[in-house]
1. Provide the gained length on full extension for the span Asp176 to Asp264, in nm with one decimal, where the gain is 0.36 nm per separating residue minus the Cα-Cα distance.
2. Out of all DSSP beta bridges with both ends in the chain, state the antiparallel percent to the nearest 5.
3. Per the 1.4 Å probe, what fraction of the accessible area of the chain, in percent, lies on carbon and sulfur atoms?
4. What ranking do 323-335, 199-211 get when scored by the average of other Cβ atoms within 10 Å per residue, highest first?
5. List every residue whose amide H lies under 5 Å from the amide H of Ile372, counting only residues 5 or more places away in sequence or on a different chain, with H placed 1.01 Å from N in the peptide plane.
6. Give the long-range amide H neighbours of Gly254: residues separated by 5 or more places, or on another chain, with amide H under 5 Å away, using H modelled in the peptide plane at 1.01 Å from N.
7. Pairs of alpha-carbon atoms within less than 8 angstrom and 6+ residues apart define the contacts here; what relative contact order does the chain have, in percent?
8. If you filter segment 97-165 for GluC sites (Glu not before Pro), then keep DSSP loop positions with at most 14 other Cβ within 10 Å, what is left?
Amino acid sequence: MHYENHFETYLQTLKSEGRYRIFADLMRRRSEFPVADRRNGGAKSEVVVWCSNDYLGMGQSPIVLDAMHEALDRCGAGSGGTRNISGTNHYHVELEHELADLHGKEAALVFTSAYVANDATLSSLAQLMPGCVILSDEKNHASMIAGIRHGNGPKRVFRHNNLHHLEEELRRIPVDTPKIIAFESVYSMDGYISPIAEICDLAEKYGALTYLDEVHAVGMYGPRGGGIAERDGVMSRVDIINGTLAKGFGVMGGYIAASRRCCDAIRSFAPGFIFTTSLAPVLAAGALASIRHLKTSNVERQQHQARAAEVKRRLTAARLPVLENSSHIVPLMVSDPVHCKMISDNLLDEDGIYVQPINYPTVPRGTERLRITPTPLHTDAQIDQLVAAASRLWAACPMAGTGRARLAAE
């Protein structure tokens, strides 16, 4: 068999569909975020990053960096092992206490990423409760879908944020069958927010556990950064919360927060937790400092919301196809993979504006977009530049109305 030809066939398919991914080679500048240096072959240029998930810029905060420097000097680089074998550093213990407190839960468990946390937890829950039916929102993240599949249990997929369809599915499941409703708070590609309270109502009515992914909300919503559930006053009604340390908190890692017994069961049975090297102490220390700061400071959250609202207002005023939502996500609809990449490349090469094209399978075919993520650190001048460049490209491209037409149809 010609293995290399086999690989090449699949890669050529991606390229012909406009879905082949090219990584931007960036070096972030400390204290100058969202400005970064881009390397392209032998050339170097300055770019403004408009698609980072470091939503609040905490990855550049002196509070976080100082804590990481201290931990590096104190503990060295790596953790030295799995959590079970020499890899539980005191920073991990403190971090889990802080996360449990953030979400008002008895315990928390830290993983190397939120993807791993979702995969390991959902698959383990299905295996710990034989016959458990997981009801999953159709727009759930790939990590949640992977965890549900790896659990090898029965599942039902309900239409996005559709309470009527969810209840229809719940009614079909016998009362004494274990059930989990798995959903997100902020859906990161569209920016839609789920009706958490109403989903909890249905969970209580039909005896289901609730599993909420708050990855794109922790640090950024709620009085202490606990997410949409905290903002809406329903955090105590959610059984298991998944979050990340890599977005609002600006570092790396993921976690769940839940009851002590639930966290202990996942700790004891989930292979994705048991058999992997634990998070480096320097990362745990940085995340810990970030969480503690954002629990008491609302400045970053307020500035973040103000910048996101301003970018949406300016793009909409320029008659660009912004997908409306009530979150901080700013999807600029293109609806064609080739055009999406073309616009992204042009913004990067001609204007020094970096916005990664989002294509299938991250989003459905025909809904390709530029996903813009304003931060508190983006300036008025940088917003002016973004709006002017995007307006020029939409006016110049023959597909300029495609996104608007699809948006109007939706």
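1. On the way: separation 88, 0.36 × 88 = 31.68 nm, distance 2.41 nm.
Length gained, Asp176 through Asp264: 29.3 nm.
2. Working: 27 of 45 bridges.
Expressed as a percentage, antiparallel bridges in the chain total about 60.
3. On the way: 9600 of 18090 Å².
The nonpolar share, carbon plus sulfur, comes to 53 percent.
4. Details: 323-335: 20.8, 199-211: 19.2.
Top to bottom by mean Cβ count within 10 Å: 323-335, 199-211.
5. Val330, Leu332
6. Phe111, Thr112, Ser113, Ala114, Leu245
7. Values: 792 pairs, mean separation 85.1, N = 410.
Averaging sequence separation for qualifying contacts and normalising by length gives 21 percent for the chain.
8. On the way: sites: Glu98, Glu106, Glu138; in loops: Glu106, Glu138.
Here the sparse-neighbourhood loop sites are Glu106, Glu138.
The values are calculated or read from the model by the stated rules, or taken from the named source; none is laboratory data. All values reported here derive from a predicted model rather than from experimental measurement. Cβ atoms come from the backbone with ideal geometry, glycine included; neighbour counts cover every protein chain shown. We work out accessible area using only protein heavy atoms, side chains counted, and drop any ligands, DNA or RNA first. Shrake-Rupley method; radii C 1.70, N 1.55, O 1.52, S 1.80 Å.
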